[in-house]
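Comments concern the structure below.
The values are calculated or read from the model by the stated rules, or taken from the named source; none is laboratory data. Predicted model, so just to flag it, every value in this text is computed and none were measured. Cβ placement follows ideal geometry from the backbone for every residue including glycine, while neighbour counts extend to all protein chains displayed.
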Amino acid sequence: MDEGLDRPPSREIIRLTGAFRFLRPYRTQIVLASIALVVTATVTLSIGQGMRVVIDRGFGDGSDLILIESIALFAVLVVLLTAGTFARFYFVSWVGERVSADIRRAVFGHLVHLHPGFFESNQPTEIQSRITTDTTLLQTVIGSSVSIALRNALMFLGGLVLLFVTNAKLSLLVIASVPFVVAPVILFGRKVRQLSRTSQDRLADVGSYAGEALRQIKIVQSFNHQDRDQAAFSERVELAFRVAVRRIRQRSWLVAIVMLLVLSAIATMLWVGGRDVLAGSITPGELAAFIFYAFIVAGSVGAISEVYSDLQRAAGATERLLELLAAESALPEPAVAEVPAEPLTLALKEVAFTYPTRPESPVLKEVSFDVAPGEMVALVGPSGAGKSTILDLLQRFYDPVAGAIEFGGVDLRRMRLTALRDLVGYVPQDPVLFAGTLHDNLVYGRPDADDAMVAASLKLAHADSFVAGLPDGLDTVVGEGGVGLSGGQRQRLAIARALLVDPKILLLDEATSALDAQSEEHIRESLKDMQGQRTIVVIAHRLSTVRQADRILVLDQGLLVASGTHEALLEDSELYARFVRIQFASHGGDRSSRVGAASAEATRSAAETLAADGGEGNGEELSPGPEHRYTG
């Protein structure tokens, strides 16, 4: 059972009031809707008195004039009721839609500023369901159910007063029946509330699973996983259905029992009232008016009992949305921001880090190094060494658990996040493009970029030729994730997007892995042109890119184990030399000669031979041996 079910019942209602702050800006519309609500309730209640007059004076006295006047008054009431119903429905529905839109904006605006670690423990697809499904439910409740509840509450109170005015004796029967009607509402309502929260969670699971499978449809089909995914999805759908059926069953029992009790009370009143009419103690008109008000009161109770269930569902939805709005970022902004000094240096000082979801597994252990302005530094090492984590820390997606990272002598935690990230351009290993045009994707980080700036960044990333060859050029529309483009094309566009913001520090996470040898050579030339102009930190698996760096940092199991130039590391780092041997081994020579190249000198000669051939690895990745899996 969901943990939310353990919360005290009253808290659900309190949670529902959390949405009221979104209503405050629309007081005018709410007041107009309330006026219309009072008018329609008053008009409806007035009909009962009209019935009494018509029956007692019109029919009883045989007066045509009284009958005509009554019908005319009834027509006026109908017009007022129609106008009031239109105004009430319009303004209440408008407020419901407006508040739902505001909540969606507020939740999304809050989420996009939360730290990335939040989305490791909270599935984005489940959050997406909250933003859509839960806000839609709230819209329905605010735009309909609340109005119905208020209208019927007024009708109930007004009808109850008029019952006593019409006949106090019969009214006591109504009062006596109220506890029997209210008790099932409370008892069944609590169960409905619990099942409503669980039902919303199960629906979120359904949407989450479907979204993930459809986004990764190529993998699903490549492994012929369709039938198993369909079975797993069906299981989730059936679970959601079973929970919904339990909720519907409880609600159905609630409505049925309330109606049974209400109609039983009315039958009793008819019997008692009929005997009084026969005895002459009340008039037929009074009995008709009383029965009318009794039906009004009974209908109001029945409607409120139904709406009460909707309010319980809305309480669960509100709670889920408010949980998102209450989530706090683990990356607090400084009270007083500091500005790094120019020229911009980069320094890691005894940095240690563990991911929040894996606190027992340290990723970095007291890593320290400096990067001078304009220097190009390459990070190499086996998978899990902490290379990509360093790039995340440099953008302050996380804070180190120990040590500090400084830009220009200023700890990143003392800088504004926006100011920090304005200094950085980032190209991920798996380039991310958003649904839209190529131009939209390129100016993602710099919306004010002009055509000349866009063209320059495309040229520097060597993406101008393939973009020019597209029928619609920069207006070409791509799907989510860059569907319709090759991996190399997406990678070059990601590089161009990062360069367009003109960053002080360029972070490249294996940014040439999907490029062919010629495109990679072009990017290497661009990097060479940028050396000295901006600081470059690159995670590299290819020897050609590694050799180009001013300095190479070798990481292993979260430790910085070696640092230096390519030639120096061949002499001093067996781990780095092994990587070079493995890459060289994949390009020729018999196995014995490759395995025998154990000395650093022989390894260096082999690498230089590759360079002399113009291939420098020919764009191949460093393939790991059994000791290290070198995938970053």
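Observations on the model:
- Count - residues of the stretch 522-547 that are more than 18 Å from residue 432 (Cα to Cα) and in contact with a Gly (Cβ under 8 Å, 6 or more places away or on another chain): 9
- Checking the stated criteria, residue 37 turns out to be assigned to a helix (DSSP H, G or I), at pLDDT 70 or above and aliphatic (A, V, I, L, M).
- For the stretch 325-373, filtered to residues that are outside any loop (DSSP other than H, G, I, E, B), more than 27 Å from the chain's Cα centre (by Cα) and among the small types (Gly, Ala, Ser), the residue that is farthest from residue 564 (Cα to Cα) is 352.
- Being surrounded by 15 or more Cβ atoms within 10 Å (Cβ to Cβ) and aromatic (Phe, Trp, Tyr) holds for only one residue in 118, 108, and it is 118.
- Sole residue being touching a Ser or Thr at 6+ places or on another chain (Cβ under 9 Å) and at pLDDT below 90, chosen from 522, 541: 541
- Filter result for residue 270 (assigned to a strand (DSSP E or B) and either within 30 Å of residue 402 (Cα to Cα) or aliphatic (A, V, I, L, M) (or both)): no
- Residue in the stretch 151-159 that is at pLDDT below 80, in the same structural domain as residue 282 (by TED's automatic domain parsing) and among the aromatic types (Phe, Trp, Tyr) present: no
- Within the stretch 82-109, tally of residues that are among the polar types (S, T, N, Q) and either in contact with a Lys or Arg (Cβ under 6 Å, 6 or more places away or on another chain) or closer than 30 Å to residue 329 by Cα (or both): 1
- Qualifying residue in the stretch 430-439 (condition: under 30 Å from residue 554 (Cβ atoms) and in contact (Cβ under 8 Å) with a residue 12 or more places away in the chain): yes
- When the test is whether a residue is surrounded by fewer than 13 Cβ atoms within 10 Å (Cβ to Cβ) and either at pLDDT 85 or above or among the hydroxyl-bearing types (Ser, Thr, Tyr) (or both), residue 342 passes it.
- Here residue 226 passes the criteria (1) of a type in the set (S, T, N, Q); (2) modelled with pLDDT of 75 or more; (3) under 23 Å from the mean Cα position of the chain (by Cα) except the one numbered (3).
- Taken as a whole, the condition of being at pLDDT 75 or above, part of a helix (DSSP H, G or I) and of a type in the set (Gly, Ala, Ser) applies to residue 147.
- Looking only at residues of the stretch 450-488 that are part of a loop (DSSP other than H, G, I, E, B) and of a type in the set (Asp, Glu), we find that the one that is nearest to residue 211 (Cα to Cα) is 480.
- From the list 550, 516, 556, the one residue that fits, being surrounded by fewer than 21 Cβ atoms within 10 Å (Cβ to Cβ), under 20 Å from residue 365 (Cβ atoms) and in contact (Cβ under 8 Å) with a residue 12 or more places away in the chain, is 556.
- Taking the conditions (1) out of contact with any helix residue (DSSP H, G or I) (no Cβ under 7 Å at 6 or more places or on another chain); (2) modelled with pLDDT of 90 or more in turn, residue 453 satisfies each one other than (1).
- Taken over the stretch 77-103, residues that are of a type outside the set (Gly, Ala, Ser), under 14 Å from residue 29 (Cβ atoms) and touching a helix residue (DSSP H, G or I) at 6+ places or on another chain (Cβ under 7 Å) amount to 9.
- Here residue 357 passes the criteria (1) surrounded by 13 or more Cβ atoms within 10 Å (Cβ to Cβ); (2) modelled with pLDDT under 90 except the one numbered (1).
- For residue 247, the conditions (1) under 28 Å from residue 198 (Cβ atoms); (2) loosely packed, with under 13 Cβ neighbours inside 10 Å are fulfilled apart from (2).
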